[in-house]
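Okay, so here's the structure we're looking at.
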Amino acid sequence: MSDEFFIQPKTYDTSTAYRASVLSNDRMTPEVAHEVRQIILRVPSASFIYVEGQSIGVLAPPPYDFGSDHYMRLYSIASTRSGENGKGAEIAICVRRCFYIDEVSGERYPGKCSNYLCDVRVGDQVRITGPYGRHFIVPRDNTSNLVMVGTGTGIAPFRAFLKHIFEEEAEWKGKVRLFYGAQTGLDLLYMNDLNNDIGHYYDMATFKAFEALSSRPAFDDPSALGNKIEENAAEVWELIQDPKTYVYVAGLRKSSEALDTALSHIAGSKEAWMRRKREIYFDDRWAEHLYD
Ligand SMILES: Cc1cc2nc3c(=O)[nH]c(=O)nc-3n(C[C@H](O)[C@H](O)[C@H](O)COP(=O)(O)OP(=O)(O)OC[C@H]3O[C@@H](n4cnc5c(N)ncnc54)[C@H](O)[C@@H]3O)c2cc1C
């Protein structure tokens, strides 16, 4: 589905790098699920200032690809501006250990940056850049509605949003809706037995969370997320029509495609939905953090 009006930057300024020390590195998912780790970094620099929803660049150590002088990947900050556990200089990121299949040889290779991060030890130094992504932040007006749609590690910025609005803001009056897709219940980050940070907000009157688990647990199934959105079509569409609603989409690109498909059905056609999405985007109320 065409949405060329949405542009995600392809290059990032990496000229200022900070040395962060690793305070902890813990697995967030049980052994039988995909490996995702929460890494807490200490960034001892007064000039590193961020808000919820932004990401950092992590500079993996050499060797680099031929012709490159660095290797950088982005990771969303899962902490609020007050820092992890209220400690200003500390930030949490969640990292999924990634692999890719070489198209020529058919062999499976470890992703460079995610494997580097998943293997860091307490006390190690990690070079980071940023923060990036000023477009993916919570509006100041606490009567705004927030619709958050994500899969996998796309939950990281939403954990920061929810902590901020429910723990650091005086009172969030707008409606807050989270649609979160994962392969199995064990893959639900910050919503499982090992860490249930998001579950703590289920009692908030303005908050509703919808989990979308794959009907075929061995595969990623973005349609489960789309189905969950369509099951709640009336409320989602009412929110989408409201000029006080901000929409955020994070995680694998497939989650955005699933959202577009569901909203095209709800809107009556793909064209009708694309017209509406374009209006919301140009009104600065649509933000995406997507990766393939
Ligand atoms: C704005 C933004 C925010 C991001 N935030 C996070 C984050 O909070 N946590 C995180 O783990 N990643 C995040 N990513 C993805 C991250 O930047 C890297 O692309 C990822 O870690 C793979 O890098 P690599 O060097 O290990 O492997 P690469 O060699 O670059 O890629 C390995 C393979 O893994 C796939 N892949 C990449 N990321 C994921 C993922 N998260 N889940 C499933 N498959 C994936 C890729 O399609 C590729 O086939 C973000 C990306 C963007 C653009």
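The values are calculated or read from the model by the stated rules, or taken from the named source; none is laboratory data. Because the structure is a prediction, the values reported are computed rather than measured. Positions of Cβ are backbone-derived with ideal geometry, glycine not excepted, and every protein chain shown enters the neighbour counts.
Restricting the first residue to the range 17-37 and requiring it to be within 18 Å of A60 (Cα to Cα), which pairs with a second residue that is small (G, A, S) and surrounded by fewer than 14 Cβ atoms within 10 Å (Cβ to Cβ) meet a Cβ separation below 6 Å and a spacing of at least six or different chains?
If the second residue must be small (G, A, S) and surrounded by fewer than 14 Cβ atoms within 10 Å (Cβ to Cβ), the pairs left are Y18/S45.
Considering the range 154-184 alone, what residues qualify as being within 16 Å of the ligand (Cβ to nearest atom) and either assigned to a loop (DSSP other than H, G, I, E, B) or not assigned by TED's automatic domain parsing to the domain that holds T245 (or both)?
Matches in the range 154-184: Q183, T184.
If you take the residues of the range 242-257 that are of a type outside the set (A, V, I, L, M, F, W, C) and under 11 Å from G154 (Cβ atoms), which of them is nearest to the ligand (Cβ to nearest atom)? Break it down stepwise before answering.
In the first step, residues of the range 242-257 are kept if they are of a type outside the set (A, V, I, L, M, F, W, C); the result is 242-246, 248, 251, 253-257.
Checking which are under 11 Å from G154 (Cβ atoms) leaves us with 248, 251, 253-256.
Details: Y248: 12, G251: 7, R253: 9, K254: 10, S255: 11, S256: 12 Å.
In this case the residue turns out to be G251.
Keeping to the range 245-286, report how many residues are more than 14 Å from the chain's Cα centre (by Cα) and in a helix (DSSP H, G or I).
Matching residues across the range 245-286 total 24.
Do we find a residue being of a type in the set (K, R), in contact (Cβ under 8 Å) with a residue 40 or more places away in the chain and in the same structural domain as F282 (by TED's automatic domain parsing) anywhere in the range 208-219?
No, because not a single residue in the range 208-219 is of a type in the set (K, R), in contact (Cβ under 8 Å) with a residue 40 or more places away in the chain and in the same structural domain as F282 (by TED's automatic domain parsing).
State whether one or more residues within the range 185-203 are assigned to a loop (DSSP other than H, G, I, E, B), modelled with pLDDT under 95 and over 25 Å from E31 (Cβ atoms).
yes
Answer with yes or no whether S105 is closer than 21 Å to V36 by Cβ and of a type in the set (S, T, N, Q). Break it down into steps so the answer makes sense when it comes.
Details: closer than 21 Å to V36 by Cβ: no; of a type in the set (S, T, N, Q): yes.
Taking the combined requirement at face value, the residue does not satisfy it.
Residue under question is G123, and the condition is that it be over 18 Å from the mean Cα position of the chain (by Cα) and of a type outside the set (D, E, K, R); does it hold? Spell out how you get there, then give the answer.
Numbers: over 18 Å from the mean Cα position of the chain (by Cα): yes; of a type outside the set (D, E, K, R): yes.
The answer is yes for G123.
Between residues in the range 75-98 that are on the phi > 0 side of the Ramachandran plot and residues that are assigned to a strand (DSSP E or B) and buried (at least 23 other Cβ atoms within 10 Å of the Cβ), which pairs lie under 7 Å by C-beta distance while being six or more apart or on different chains?
Pairs that qualify, where the first residue is on the phi > 0 side of the Ramachandran plot and the partner is assigned to a strand (DSSP E or B) and buried (at least 23 other Cβ atoms within 10 Å of the Cβ), are G83/I91.
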